[in-house]
Amino acid sequence: MKPLVIGNWKMNTTLAEATVLASGIKEGLADIPAVEVVLCPPFPFLVPVAEVLHRHPLPNVSLGAQNIFWKEEGAYTGEVAAPMLGGIAKYVIVGHSERRGLFHETDKEVNLKVRLALKHNLIPIICIGELKRPSQTVIDDPSGLSKANIATLLNQLREATSDIKSENVIVAYEPVWAISTTAGATPATGYYAGAVAGLIKHELDAPVLYGGSVDSSNAAEFAKQEDIDGLLVGGASLKVNSFIAICRQII
Ligand code: PGA
C-alpha cells in the first residue's frame, strides 16, 4: 500500500482559499505519484474542491468528509448524512478527538457512524487517541508497552468497530496530547507511535495512520515505522508548501 496522507482542514478556509489550496496541492502532487492523498475540506467546500480535483484528475488524490451524522436521514437540523456524500467523497473521518471532546460524541455514536459510512461505500477513518501523555520513560522506550497499557485506546477501537463485518476501515492513532491545538502539545516520537500502531494492528487488521503535530520535520520519522501506514495532518495541511513537503518526505 502507498503511504496515505490525509489533510484535515478542520473549520478553516474560505471558499476561495479552499479551491486555491486544492489546486496548489494537486499541482504539487503531480510528480509525487507514490503517495495517496485525501483532502478533507469543510462540508460546504466539498463540491467546489471536488470540481478542482476532477479537472485533469490525478489518480492518487481523493476527497474525504470530516464527519457524518449517526442517522441516515430525518429531522436533524444542521447535520449531514452518509448517503448525501455519495459520489462526492470517498472517505470520512469519524470519532475525531475534537468531535469526542467538544461535541461529546460517544463510542456508540462513532460505531453507528462507521456502520453508516460502510453501508454507503465511504471508507471510515476512525480516530482513536488517549488524552494523557504517558511518562517520558515510556515514550523514550516503548518496547515494554503491552495491550494493557493502551486499554482505553483499544477499547475505543473495539467499540467503534463492534459488529462490523467489513474490514474496509482505516485507523488513525491521534494521541490528543500531541494534537497541535491541544495546550502544551508535543508530537509523539516515531518509535512510540510505531509501537502503539503495532499493538493496534494486533487488534484489527487495518492500515494505521499517525496524527498529531505532523510537519515536514517529523513526517519521515513517523512514516518509516513499520506499522505506520500514513499520516493524518491538521495544521500543516493548510498551506500548499508544508503539505507537499510532508508528502515528499515520506517517499
Ligand atoms: P495537527 O492536527 O496536525 O494540527 O496536530 C491533527 C488532527 O487533529 O487531525
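The values are calculated or read from the model by the stated rules, or taken from the named source; none is laboratory data. Everything numeric in this text was worked out from a predicted model, so none of it was measured. Here the Cβ is made from the backbone with ideal geometry for all residues, glycine too, and neighbour counts use every protein chain on show. Heavy atoms of the whole protein, side chains included, go into the accessibility calculation; ligands, DNA and RNA do not. Shrake-Rupley method; radii C 1.70, N 1.55, O 1.52, S 1.80 Å.
Taking a straight line from the alpha carbon of residue 108, these lysines sit under 21 Å away, with near neighbours fewer than eight places off in the same chain left out: 71, 119, 165.
Any idea what the dipole of segment 93-232 comes to, in debye rounded to 20, about its Cα centre with Lys/Arg Cβ at +1 and Asp/Glu Cβ at -1? Spell out each step's value before the answer.
Working: 13 positive and 18 negative charges, 83 e Å.
Rounded to the nearest 20 debye, it is 400 debye.
Longest span of the chain, sites excluded, free of trypsin sites (Lys or Arg not before Pro) in DSSP loop with at most 13 other C-beta atoms within 10 Å?
On the way: sites that count: 55, 132, 165, 224, 239.
Here the longest segment lacking exposed loop sites spans 56-131.
Once the other residues with Cβ under 10 Å from the Cβ of residue 204 are scored (Lys, Arg +1; Asp, Glu -1), what is the net sum?
Values: positive: 158, 201; negative: 167, 203, 205.
Value of the local net charge: -1.
Please give the FRET efficiency for residue 104 paired with residue 164, using the beta carbon to beta carbon distance and R0 = 25 Å, rounded to the nearest 0.05. My answer for the efficiency is 0.65. The fraction of Cα-Cα pairs per 10 angstrom bin, counted from 0 for the chain, comes to 7, 33, 38, 19, 3, 0 percent, rounded to whole percents. Using a probe of 1.4 angstrom and keeping all protein chains present, the accessible surface of the chain works out to 46 square angstrom per residue. Phi angles of segment 244-251 translate, via the Karplus equation with coefficients 6.51, -1.76, 1.60 and θ = phi - 60°, into HN-Hα couplings of 5, 4, 4, 4, 5, 5, 9, 9 Hz per residue; Gly and Pro are given as x. For segment 108-229, the carbon plus sulfur part of the accessible surface works out to 50%, probe radius 1.4 Å. With springs connecting C-alpha atoms under 10 Å apart, model the chain as a Gaussian network and identify which of 135, 23, 237 has the largest mean-square fluctuation. Greatest mean-square fluctuation among the candidates belongs to 135. Between residue 14 and residue 217, what's the calculated FRET efficiency when r is the beta-carbon distance and R0 is 35 Å? Round to 0.05. Calculated value: 0.80.
Taking every DSSP helix (H) stretch of at least 4 residues in the chain, weighting each as -39,500 (n - 2.57) and dividing the sum by the residue count yields a mean residue ellipticity at 222 nm of -10000 deg cm²/dmol.
Among the chymotrypsin sites (Phe, Trp or Tyr not before Pro) within segment 33-92, which fall in a DSSP loop and have no more than 16 other Cβ atoms within 10 Å of their own Cβ?
Details: sites: 45, 69, 70, 76, 91; in loops: 69, 70, 76.
Those satisfying the criteria are 76.
Amide H contacts of residue 93 (H built 1.01 Å from N, in plane; Pro and chain starts excluded): 65, 66, 67, 125 sit under 5 Å, all sequence-distant by 5 or more or on other chains. A Förster distance of 35 Å, applied to the separation of the beta-carbon atoms of residue 2 and residue 43, puts the FRET efficiency at 0.85. Result for the chain in a Gaussian network model with C-alpha springs under 10 Å: among 183, 22, 81, the largest mean-square fluctuation is at 183. What residue among 114, 214, 80 has the largest mean-square fluctuation in a Gaussian network model of the chain, using Cα springs under 10 Å? Comparing 114, 214, 80 in the GNM, the peak value goes to 80. Sorted largest first, the principal axis extents computed over the alpha-carbon atoms of segment 181-226 equal 31, 21, 15 Å.
Distance between the pseudo-spin-label points of residue 81 and residue 132 (7 Å out from Cα toward the beta carbon): 4.1 nm. Look at the dipole of segment 138-251 built from charges on Cβ: of 188, 231, 206, the Cα furthest out on the positive end belongs to 231. I want the local charge near residue 45. Using Cβ-Cβ distances under 11 Å, sum +1 for each Lys or Arg and -1 for each Asp or Glu among the other residues. Within the 11 Å Cβ shell, the charges total -2.
How large is the charge dipole for the chain, taken about the Cα centre, if only the Cβ atoms of Lys, Arg (+1) and Asp, Glu (-1) carry charge, to the nearest 20 debye? Present the calculation step by step, with values, prior to reporting the outcome.
Working: 21 positive and 26 negative charges, 50 e Å.
Computed about the Cα centre, the dipole is about 240 debye.
Convert each backbone phi in segment 88-98 into a coupling constant with the Karplus relation 6.51 cos²θ - 1.76 cosθ + 1.60 (shift: θ = phi - 60°), then list the ³J(HN,Hα) values in order as whole Hz, x for Gly and Pro. Couplings: 10, 10, 9, 10, 8, 7, 10, x, 4, 4, 5 Hz. Listed values for segment 215-223 are Karplus-derived 3J(HN,Hα) couplings in whole Hz (6.51 cos²θ - 1.76 cosθ + 1.60, θ = phi - 60°), namely 9, 5, 7, 10, 4, 5, 4, 6, 5, and x replaces Gly and Pro. What number comes out for the charge environment of residue 60, summing +1 per Lys or Arg and -1 per Asp or Glu over other residues with Cβ under 14 Å away? Result for the neighbourhood of residue 60: +1.
Stretching residue 239 away from residue 121 to a fully extended chain increases their span by 39.5 nm, per 0.36 nm per residue minus the current alpha-carbon distance.
Using DSSP loop states and a limit of at most 11 other Cβ atoms within 10 Å to flag GluC sites (Glu not before Pro), what is the longest stretch of the chain containing no flagged site?
Details: sites that count: 73, 167, 226.
Between exposed loop sites, the widest span is 74-166.
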